Ligand SMILES: Cc1ncc(C[n+]2csc(CCOP(=O)(O)OP(=O)(O)O)c2C)c(N)n1
Ligand SMILES: [Mg+2]
């Protein structure tokens, strides 16, 4: 028998090897902002332009947020490239958000000359212990030191992003290494190690759920790829499904069993078994409380997550979809006969809708958006008055169509992340909502939207204030207003000055009409400014206090 022939090598630069590996892994875009350390990377991107598109932004945070938005909208890995030091730090809020959202974002970050890394010589963009800084932000970072390492290092980073708990990764490469040539062996995607699921744990979970009188399913971001399974399970158990922010859209809001926060809390109070899928359960365990009458079953990609706050009755580690498929196969044997809870849930939903009329002014704008946004259109939320209400009351019909920034809740994510989502999903309309405060964090990326003809619809609710902060100062600090009133540009004139479409809408009806026009315009961005006053507070529906335990 003859031995296997070694695969033929190809002469390439480090940068070309990285680019070829991104392409062989199915990436089609790099969001990027150039600079001298990465010149040879951009040279490789130029040569690969028919396979890998380079979308340049006006600030590194825009590039990283766009990669994040593309990753969240598609569920697939996405990359961004920036210079070291200030470039890295400018992108760091988005990298932090990618980490906290478990989003597969790959940062390609430049470095000073290889031989001088760590010597504190004062090279352009040098920063002390860049790798150490990155290690605090992401779980996987590696420095490419030679062309021969490039393809494998890239494949390892892309595998790490999809192994166990997904998340971002970073590759660093020095200014003098990107352009070095070597003999490169092409690298196919590395197999993702499958986590073995304990059949005993599946059986225990099926028995507990099957016998439960008042089961409740709680979904987080980790359930977004298991919508079919959650939907079937919910019907079999007649179990309501609570999704707040990252878990919204897993069960269609039109299903009477689909609930958000306030009704979810009532159901938590009465549940005997909760199945938590890909969620930290922080609100439930910290705010709502827990006692011995409630058994928790957890499914999470990260084994460390299960017992951080409370020891679950059953813990299953791995991706939600295959685990739920196994659970669905096991459940019929153990499941009690169940009457439909449809009528009961419809009644309870409508009682909560009445109470939510307190935030009716926000909901009226959300209704206008929902009426015009197609079922599979994507809504990108931000920490603004309309955003708080959307998390509670915006109907979401499909997974990955409600993007909410999770626990970072960072101003500035909305517009830039939505640009990435819209760039990656040109086939559906994407709407971002921002306050005047949040929009101005990344408003410069209107230039990117126009240059790359990204048809995002950006709605800016303008109350002339960091409204949320301002209301807290009014209500809790006896109206001692500080640092919360804002001077703004004329947002319509601002957008038009870039060549974008722009309109002003002063009521929910006008917003509907503006949206209709904006959705028809697919050749570039549209900004819709909505001048508003102060909105009623949503906090009584978000921070609702303990219902179980001490
Ligand atoms: C990066 C970041 N900095 C500061 C905050 C604190 N913060 C939360 S809401 C808010 C005000 C938001 O104002 P605006 O975007 O205009 O929305 P509004 O509340 O007025 O609707 C601030 C400053 C934050 N969430 N993120
Ligand atoms: Mg505001």
Label points 7 Å out from Cα along the Cβ direction at residue 506 and residue 329: separation in nm?
6.3
Here Rg/Rh (Cα, Kirkwood) for the chain equals 0.99
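Multiplying the sequence separation of residue 232 and residue 444 by 0.36 nm and subtracting their Cα-Cα distance, what value in nm do you get?
Gain on extension, residue 232 to residue 444, equals 71.9 nm.
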To the nearest 0.05, how large is the calculated FRET efficiency for residue 135 and residue 203 if R₀ is 35 Å and r is the Cβ-Cβ distance?
0.30
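Taking 0.36 nm per intervening residue step and subtracting the Cα-Cα distance, what contour gain separates residue 485 from residue 343 on full extension? Kindly include the intermediate steps, with their values, before the conclusion.
Working: separation 142, 0.36 × 142 = 51.12 nm, distance 4.67 nm.
In short, 46.5 nm is gained.
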To the nearest 0.05, how large is the calculated FRET efficiency for residue 303 and residue 76 if R₀ is 35 Å and r is the Cβ-Cβ distance?
0.90
What is the order of 59, 423, fewest Cβ neighbours within 10 Å to most?
59, 423
Based on alpha-carbon atoms only, what is the radius of gyration of the stretch 382-496 relative to the globular estimate 2.2 N^0.38 Å?
1.13
Return the Rg/Rh ratio of the stretch 173-275 with Cα-based radii and a Kirkwood Rh.
1.28
How many nm is it between the label spots at residue 225 and residue 270, if each spot is 7 Å from the Cα in line with the beta carbon?
3.6
With a 10 Å Cβ neighbour count serving as the proxy for reagent exposure, in which order, fewest first, do 308, 165 appear?
308, 165
If the label point sits 7 Å along Cα→Cβ of residue 211, residues of the stretch 253-281 with amide N under 15 Å come out as 272-274
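What value, in deg cm²/dmol to 500, does the helix sum -39500 (n - 2.57) over DSSP H runs of n ≥ 4 give at 222 nm once divided by the residues of the chain? Could you put the intermediate results ahead of the total?
Details: 20 runs with 206 residues, N = 550.
So the helix-based figure for the chain works out to -11000 deg cm²/dmol.
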So for R0 = 56 Å, FRET eff. of residue 28-residue 550 from the Cβ-Cβ r, to 0.05, ends up at 0.60
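Strictly greater than 17 Å: what percent of every Cα pair in the stretch 126-166 meets that?
Of all Cα-Cα pairs in the stretch 126-166, 41 percent lie more than 17 Å apart.
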Arrange 378, 133 by Cβ neighbour counts within 10 Å, fewest through most, would you?
133, 378
List the relative contact order of the stretch 405-474 as a percent without decimals, with contacts defined as Cα pairs under 8 Å and 6+ residues apart.
36
In whole angstrom, the spacing between the Cα centers of the stretch 379-413 and the stretch 486-550 equals 13
How are the C-alpha pair distances of the stretch 343-429 spread across 5 Å bins, as whole percents from the shortest bin up?
3, 13, 22, 22, 21, 11, 6, 3, 0
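We did not get these values from a lab; they are worked out from the coordinates using the rules stated. In this text, all values refer to a predicted model and were calculated from it rather than measured experimentally. Here the Cβ is made from the backbone with ideal geometry for all residues, glycine too, and neighbour counts use every protein chain on show.
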